[in-house]
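The values are calculated or read from the model by the stated rules, or taken from the named source; none is laboratory data. Worth saying up front: this structure is predicted, and the values here are computed from it rather than measured. Note: ideal-geometry Cβ built from the backbone for every residue, glycine included; neighbour counts use all protein chains shown.
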Amino acid sequence: MKLHGLLDVIFPAQCAACGALGDGLCARCVTVDGPCARRELATLQVRALGPYDGALRRAVLALKDGRRDVAAALAARLAPWLEPGMLLVPVRTTPARRRVRGFDGVELLARTAASRCGARVLPALEPRVRDAQRGRSGAQRRAARDRFACDATLVAGCEVTLVDDVCTTGSTLEDCAAALRAAGARVSQALVIAVANGGA
Ligand SMILES: [Zn+2]
């Protein structure tokens, strides 16, 4: 039995929102095959399971905490939006945070959803260290795509779809899209768990 299989026995899946046993997110808290929320950014169409509050907010926080059962439950809700052959690019967190948690929540979400329907995940984006942004003027920050490095060998010439946990202003998704386009990819859609209002 693999380690996370063993952990599933010791810590059975539990709804991140209400605590019910059996699934990382129960169907009462967030419906499966429910309606989606949409947001239009400058160059991207964003599709979300719903607004960033209540059960979805708790699910996102549990995913950030490293809950694999929640990743699986969210993946089951994103999977109906995917098609065989789709190429998903997760908006990954920094390598330092990945080491702390043991895995990247958004990448696991994308991989689990993709595995359910014949889509594929291309881990082409790598965030650059945020501190590099500190102390820069607005003019220096204008090259927003510098926030992410993109492996062009993975995505050049491909039509890809971004996957992230939360879309707030959309600036992270747009920065990712800019990095992907600079690497020769086409991208017009992002799938996220929740859309939030305001903030950064
Ligand atoms: Zn629940």
Original post:
(1) within 16 Å of the ligand (Cβ to nearest atom); (2) surrounded by fewer than 22 Cβ atoms within 10 Å (Cβ to Cβ); (3) under 19 Å from the mean Cα position of the chain (by Cα): which one isn't true of Arg99, the others all being true?
Top reply: (1)
Original post:
aliphatic (A, V, I, L, M), at pLDDT 95 or above and within 16 Å of the ligand (Cβ to nearest atom), is that true of Leu49?
Top reply: yes
**OP:** Report whether or not Cys18 is within 16 Å of the ligand (Cβ to nearest atom), exposed (fewer than 15 other Cβ atoms within 10 Å of the Cβ) and at pLDDT 95 or above.
**Re:** yes
Original post:
Taking into account only those residues within the stretch 6-15 that are among the hydrophobic types (A, V, I, L, M, F, W, C) and at pLDDT below 95, which is nearest to the ligand (Cβ to nearest atom)?
Top reply: Ala13
Subject >> Options Asp23, Asp53; residue that is farther than 16 Å from Cys167 by Cβ and of a type in the set (Asp, Glu) >> reply: Asp23
**OP:** List every residue pair whose Cβ atoms sit under 8 Å apart, with the two residues 6 or more apart in sequence or on different chains, where the first one lies in the stretch 22-49 and is in contact (Cβ under 8 Å) with a residue 24 or more places away in the chain and the second, anywhere, is part of a loop (DSSP other than H, G, I, E, B) and of a type in the set (D, E, K, R).
**Re:** Gly24/Arg67
Subject >> Complete set of residues in the stretch 47-74 that are within 15 Å of Ala110 (Cα to Cα) and not in a helix (DSSP H, G or I) >> reply: Arg47, Ala48, Leu49, Gly66, Arg67
**OP:** Pick out the one residue from Thr31, Thr43 that is closer than 17 Å to Val192 by Cα, of a type in the set (Ser, Thr, Tyr) and modelled with pLDDT under 95.
**Re:** Thr31
**OP:** Search the stretch 21-42 for residues being more than 8 Å from the ligand (Cβ to nearest atom) and basic (Lys, Arg), and hand back the single one that is surrounded by the fewest Cβ atoms within 10 Å (Cβ to Cβ).
**Re:** Arg38
Original post:
Out of the stretch 56-77, which residues are surrounded by 15 or more Cβ atoms within 10 Å (Cβ to Cβ) and free of Cβ contacts under 8 Å to residues at least 40 places away in the same chain?
Top reply: Gly66
**OP:** Could you check Thr93 against (1) modelled with pLDDT of 95 or more; (2) in a loop (DSSP other than H, G, I, E, B) and say which number it fails?
**Re:** (1)
Original post:
Restricting attention to the stretch 118-136, does a residue exist that is of a type in the set (Val, Ile, Thr) and at pLDDT below 95?
Top reply: yes
Original post:
Going by the conditions given, is Val46 under 24 Å from Gly170 (Cα atoms), surrounded by 15 or more Cβ atoms within 10 Å (Cβ to Cβ), out of contact with any Phe, Trp or Tyr (no Cβ under 8 Å at 6 or more places or on another chain) and not hydroxyl-bearing (Ser, Thr, Tyr)?
Top reply: yes
